[in-house]
Amino acid sequence: MSASQETQSLVRLTEIFYSIQGEGRASGRPCVFVRLSRCNLRCTWCDTTYSFKGGEKFTFDDVMAEVGKYPTKLVEITGGEPLLQPTVHPLMTAFADAGYEVMIETSGSLDISKIDPRVHIIMDLKAPGSSEEKRNLWANLEHLKPTDEVKIVILDQADYEWARDKVREHKLEERCHVIFSPVHGQMDGNALANWILEDGLNVRLGLQIHKFLSVE
Ligand SMILES: C[S@@+](CC[C@H](N)C(=O)[O-])C[C@H]1O[C@@H](n2cnc3c(N)ncnc32)[C@H](O)[C@@H]1O
Ligand SMILES: Nc1nc2[nH]cc(C(=O)O)c2c(=O)[nH]1
Ligand code: SF4
Ligand SMILES: [Mg+2]
């Protein structure tokens, strides 16, 4: 595909917004979010169900022009499930080529091996409380870089014990950063903190800080 054709490639988006990064190691940093539409999962606790339908198709030129309006070179591709759209790969490469620090939030249910190596991956592992545990693509673990992140959203103590056992079984903290994130409003962050301390897990407690602020 020629470069000019590529910039005419289309991607279906729900929204582009500028906010404080609320999740992962970049938490607290100004970031532009590019939220792609549609998802192949239906996590019980999903806070972005509005992305499952609708959305509009935009060219890469349009997307990059909109993102370029904001005073940051940190961009996160999220969704819905961004890896559902094959054009997300050249889009992420275009951002990296343009000097952006690129992050992707993905569910862990689709192959991450084709992602541009410059992109910082935040990959979920879905615990039983999500009802999507069976969709975890465990082969993805081989493709995580030390600077990438695995995030496990914790609904209850059963999810915590599942996550603890997976960390130990796959030595996840030796592969990349590991974040345990409580389901906002349903899992008490203090209880999760105490379980992590009691078990001495080398993981990071991640709160969705944007939900404690009045930002999107
Ligand atoms: C909306 S999803 C979009 C990207 C991708 N589909 C995924 O699941 O990673 C982005 C992240 O939001 C987090 N999330 C969604 N709903 C949440 C909730 N109710 N509580 C805590 N984290 C949540 C999950 O960690 C998820 O990885
Ligand atoms: N502020 C803010 N930070 C985020 N980090 C990941 C998000 C997501 O929905 O993927 C998100 C989000 O929706 N808002
Ligand atoms: S995979 Fe992500 S977008 Fe899809 S339902 Fe789960 S949390 Fe929501
Ligand atoms: Mg969100």
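The values are calculated or read from the model by the stated rules, or taken from the named source; none is laboratory data. The shown structure was predicted, so the numbers you read here are calculated from the model rather than taken from an experiment. Cβ atoms come from the backbone with ideal geometry, glycine included; neighbour counts cover every protein chain shown. Surface areas here come from the heavy atoms of the whole protein model, side chains and all, with no ligands, DNA or RNA. Shrake-Rupley method; radii C 1.70, N 1.55, O 1.52, S 1.80 Å.
A few notes on this one:
- Selection of the range 100-110 for residues being crowded, with 20+ Cβ neighbours inside 10 Å, under 14 Å from the mean Cα position of the chain (by Cα) and not acidic (D, E) yields V102, M103, I104, T106, S107, G108, S109.
- Qualifying residue in the range 49-60 (condition: charged (D, E, K, R) and closer than 25 Å to V150 by Cβ): no
- For D97: the one exception among (1) open to solvent by 50 Å² or more (accessible area, probe 1.4 Å); (2) in contact with a strand residue (DSSP E or B) (Cβ under 7 Å, 6 or more places away or on another chain): (2)
- Selected residue (criterion: farthest from S107 (Cα to Cα)) from residues of the range 141-150 that are among the charged types (D, E, K, R) and open to solvent by less than 10 Å² (accessible area, probe 1.4 Å): D148
- Taken over the range 41-80, the criterion of being within 20 Å of V183 (Cβ to Cβ), more than 13 Å from ligand 4 (Cβ to nearest atom) and in contact with an Asp or Glu (Cβ under 9 Å, 6 or more places away or on another chain) is satisfied by L41, R42, T44.
- Some residue of the range 78-92 being touching a strand residue (DSSP E or B) at 6+ places or on another chain (Cβ under 6 Å), within 14 Å of ligand 2 (Cβ to nearest atom), open to solvent by 40 Å² or more (accessible area, probe 1.4 Å) and of a type outside the set (S, T, N, Q): no
- Of all residues in the range 146-175, those being closer than 19 Å to R118 by Cα, touching a helix residue (DSSP H, G or I) at 6+ places or on another chain (Cβ under 9 Å) and not acidic (D, E) number 3.
- For the range 1-16, residues that are aliphatic (A, V, I, L, M) and at pLDDT 65 or above total 4.
- Test result for V11, away from ligand 1 (no atom under 14 Å from the Cβ) and open to solvent by less than 40 Å² (accessible area, probe 1.4 Å): yes
- Here K69 meets the list (1) within 16 Å of ligand 3 (Cβ to nearest atom); (2) loosely packed, with under 15 Cβ neighbours inside 10 Å almost entirely, failing just condition (1).
- The residue that is farthest from ligand 3 (Cβ to nearest atom), counting only those in the range 17-44 that are open to solvent by 40 Å² or more (accessible area, probe 1.4 Å) and in a strand (DSSP E or B), is P30.
- Top-ranked residue in the range 45-91 [being assigned to a loop (DSSP other than H, G, I, E, B) and within 9 Å of ligand 1 (Cβ to nearest atom); ranked as farthest from Q21 (Cα to Cα)]: W45
- Scanning the range 82-105 for residues that are under 12 Å from L36 (Cα atoms) and among the hydrophobic types (A, V, I, L, M, F, W, C) turns up L83, L84, V88, L91, I104.
Let's see how each residue does on (1) open to solvent by 50 Å² or more (accessible area, probe 1.4 Å); (2) within 14 Å of ligand 1 (Cβ to nearest atom):
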| site | (1), (2) |
| --- | --- |
| S131 | yes, yes |
| N136 | no, yes |
| A139 | yes, no |
| I152 | no, yes |
| D165 | yes, no |
| C176 | no, no |
| Q186 | yes, yes |
| I196 | no, no |
